[in-house]
Amino acid sequence: MYRNLSIRQKQIVWAWAFLAIPVVFYVVIRFYPTGNAMVISFQNWNLLGDRTFAGWENYRKLWHDEVFWQVFRNTFVYLILGTPISLVISFLLAYHLDKTRFMHGFLRMLYFLPFMTSAVAMAWVWRWFYQPVPIGLFNNFLAEFGIPQIAFLRSTTNALPAILAPAIWAGLGFQIIIFMAGLRAIPQSYYEAARIDGVSNFTQLFEITIPLLKPTIVFLVVFSSIGFLRIFDQVFNMTTGDPGGPLNTTKPLVLMIYQTAFTDFDMGYASAQTVVLFLILLLVSLFQLYLLRDR
Amino acid sequence: MELTRLKALATAAVTGTSALFATSAQAVEIEYWQYFFDARVTAMEQLIENFEAANPDITVKMTHFPYADYRTKVAAAIPAGEGPDVVQLFYGWLNDYKAAQLIQPLPTDVFPADQIDAEFFPMVAAMREGDAYWALPTAVRSLALFYNKRLFDEAGIDGPPENLDQLVELGKMMTKRDGAGNLTQAGFTIAMTAQDHHWWREGLVRQFGGEPYLDDYKTVNYNTEAGLKALEFYVGLGDAANGIAGFGFMDEPQAAFKAGRAAMHIDGSFRIGSLNKTRGLKWGVTELPATADGVKSNYSSYWVNAITTKAKDEKYDAAVKFMQYVTSDEAMQIWLDVVGELPAKPSVGLTEANASHEVFGPFIRGLENANTTKFVNESAQRQLMVDMVARINLEGVSAADALAEAAAAEQKLLDDFYASN
């Protein structure tokens, strides 16, 4: 049969033969579990017994769950604080680093180092920094000068920013590298023309650099938004014992999903939460496509 | 023609292999599963060796998994007819395993319920339903008060406290604060995230005259005067200005105790191993403090072994024999010596040598007045205790309101569970 095909058809057959590997991989590893999770979200299942059909019960439960709404808010606080702060800091650093000649490579390496470090190890080190006297680094420093201690992690108001700080710091390296690549891609001739016209540095920044960095910024906004919406490692490791605490004030959606699934063994409810997270991430991604097309 | 020859060959091969199996028959192999914990695996290897020596026709194959995968693996294997014939599970999971038909009751002729009631420590009765036991432990755990001998000597105290008043009194002598009032050394450790939620539920609430649960642990009953007194006492221990302990001090209670920054610490028998490995720590252990008029109460938990629904016929018989051996006096003594977990029967635990043992003694004596909470979801129920204390400490809620809120939330958890099971 193959013999009777035209060359063009044979090419198509071969193309699909090679494509089959990633297609099968995606279907088995990605699409099947995704579909399965959606099915489980309409079922009750504790991992041990049979799955029983639950209809919309898991979603109804989610709607009326106070903890879920608290967690929902927390997740967006991570996003709304995390993304702009990390972008502004990384842009400022990249902008100045780009102009620095002195030990340029070494400095860049220093900023990139946290990105390569294990998030778990980093979270535990920061957890130690935040402890009260006599072991906590920050509080020992404060106590040295007679300043009252700050309850970093044992506080319903300070804990979330305290966890967010190392998460932002850890992501800076990557964002700086991307920003620097974006900065290097802007043709020098624009700046030369601007200088000839006697335009100030400030105007150059806002009229040339930032507008031309738009694709980079859009990419980083989307990338870091998804990162902050999925924050888990830092929170889990800095609050083990009272995961997502105190009083759920630091709990993000992913941690709630993890707990529902693997400590409560309520797979149906956990899947319903996963579907909600999936929809949020989907909306963010579609928004990205919309912005990119606008370019 | 060709086909018939092939058929004949196949038949010959099949009968041949079955004949081969028939000659080596009688050798039943059963599978035992537990989660991976070094000492437990070593102890079980010894038990299997002894068991196989006594029962040459049975072999036991042990498989172990990391704790995190355990439940999923068990759940997937048994319904598929694979996996263990005898399985180890946490006592709190029994309801789930029963409901999912993963385990079957122990035969009443070999394990008569009344005899077990008489022979085992009383908290094991949580595994009984009607006339049958569903599972039995080899070893149990209880709580005791660890103390740092160096800090006691430094403060000139001869011995550990015997009651709660002494706990507070001695704790004060060993609590140190810097000029700004920051805690630098604690007399005692405190955190609901560790073992304290057990100590509060089954220890303090009962000692202050309450009964934490009614109706076979289906009704929450600690929102009472006794419960409130117990909670106020507990939170008072960690009072920022006058307490003998600090919430969040040194991150975790056991870390504070190991580092020699806390003089006294309540923990389970499973902590003994890691304390022994801590260099420079001179520690002792004693029973949980009683009340001034001598009321004692402790908490006990345990892992049990059960026969799965996969075990049938000769495998079932072999599994029953194996269960008999792992719940025997001999097995319990081996478990105590190798793992350091306490025997589940007074006949082994309360022997002269064990009950007066310097380290195990206080835990074993604690078993006599221990209760076992029938959790439906231990981590969720612990979280409610953690949140109760956080509301008082961080949000300024009164102890009475925080207690009422926790009790209502826990009751809802229990109701939801029993409604669907």
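Per residue, chain B exposes 43 Å² of accessible surface when a 1.4 Å probe is rolled over the protein heavy atoms with every protein chain present. The label point for A:Trp69 and the one for A:Arg195, both projected 7 Å from the Cα toward the Cβ, are 5.8 nm apart.
Using 0.36 nm per residue and subtracting the Cα-Cα separation, the extra length available between B:Glu405 and B:Lys218 on full extension is 65.6 nm. Rolling a 1.4 Å probe over the protein chains gives B:Val295 an accessible area of about 60 Å². Quick one: go through the range A:259-295 and flag any residue whose amide nitrogen is under 16 Å from the point 7 Å out along the Cα-to-Cβ line of A:Val218. Flagged as within label range: A:284-295.
Take every Cα pair under 8 Å whose residues are at least 6 apart in sequence, average their separation, divide by the length of chain A, and the relative contact order is 28 percent. Averaging the sequence gap over all C-alpha pairs within less than 8 Å and six or more residues apart, then dividing by the number of residues, gives the range B:217-309 a relative contact order of 11 percent. The Cα center of the range B:213-251 and the Cα center of the range A:135-162 differ in position by 26 Å.
Measuring only protein heavy atoms, the 1.4 Å probe finds A:Leu289 accessible over about 90 Å².
Across chain A, the longest run free of exposed loop sites, meaning chymotrypsin sites (Phe, Trp or Tyr not before Pro) lying outside DSSP classes H, G, I, E and B with no more than 13 other Cβ atoms within 10 Å, spans A:146-295. For the residues A:Arg154, A:Arg184, a 1.4 Å probe over the protein chains yields an accessible-area ranking, largest first, of A:Arg184, A:Arg154. Heavy-atom surface analysis with a 1.4 Å probe gives chain B a carbon and sulfur content of 52 percent of its accessible area. The accessible area of B:Arg261, taken with all protein chains in place and a 1.4 Å probe, comes to roughly 90 Å². Compute the FRET efficiency between B:Gln324 and A:Ala37 as 1/(1 + (r/R0)^6), taking r as their Cβ-Cβ distance and R0 = 45 Å, and round to the nearest 0.05. The computed FRET efficiency comes out at 0.55.
About the centre of its Cα atoms, the protein assembly as shown shows a dipole size close to 3760 debye [charges on the beta carbon of Lys, Arg (+1) and Asp, Glu (-1) only; nearest 20 debye].
Taking a ≥ b ≥ c as the square roots of the Cα gyration tensor eigenvalues, with a/c under 1.5 meaning rounded and otherwise prolate when a/b beats b/c, else oblate, which class fits chain B? Prolate, because a/c is 1.5 or more and a/b exceeds b/c.
Between rounded, prolate and oblate, where does the range A:66-294 land on the alpha carbon gyration tensor, with a ≥ b ≥ c its root eigenvalues, rounded for a/c under 1.5, else prolate if a/b exceeds b/c? Note, shape of the range A:66-294 comes out oblate.
Placing B:Glu202, B:Glu119 in order of accessible area, with the largest value first and a 1.4 Å probe, yields B:Glu119, B:Glu202. Normalising the average separation of contacting C-alpha pairs (under 8 angstrom, six or more residues apart) by the number of residues puts the relative contact order of chain B at 24 percent.
Placing +1 on the Cβ of every Lys and Arg and -1 on the Cβ of every Asp and Glu, with no other charges, gives chain A a dipole of roughly 980 debye about its Cα centre. For the protein assembly as shown, rounded, prolate or oblate, judged on the Cα gyration tensor with a ≥ b ≥ c (square roots of eigenvalues), a/c < 1.5 rounded, else prolate if a/b > b/c? Taking the square roots of the gyration eigenvalues as a ≥ b ≥ c, the protein assembly as shown is oblate. Accessible area per residue (1.4 Å probe, heavy atoms of protein chains only) ranks A:His64, A:His96 as A:His64, A:His96, with the largest value leading. Label-to-label distance for B:Ala240 and A:Thr203 is 5.5 nm, based on points extended 7 Å past Cα in the beta-carbon direction.
Simple spin-label estimate for A:Asn140 and A:Phe53 gives 6.2 nm between the two label positions (7 Å along the Cα-to-Cβ direction from each Cα). Among beta bridges from DSSP that stay inside the protein assembly as shown, the antiparallel ones total about 65%.
The values are calculated or read from the model by the stated rules, or taken from the named source; none is laboratory data. The structure displayed is predicted, hence computed values, not measured ones. For neighbour counting, all protein chains shown are included, and Cβ atoms are generated from backbone atoms with ideal geometry for every residue, glycine included. Only protein heavy atoms, including side chains, enter the accessible area calculation; ligands, DNA and RNA are left aside. Shrake-Rupley method; radii C 1.70, N 1.55, O 1.52, S 1.80 Å.
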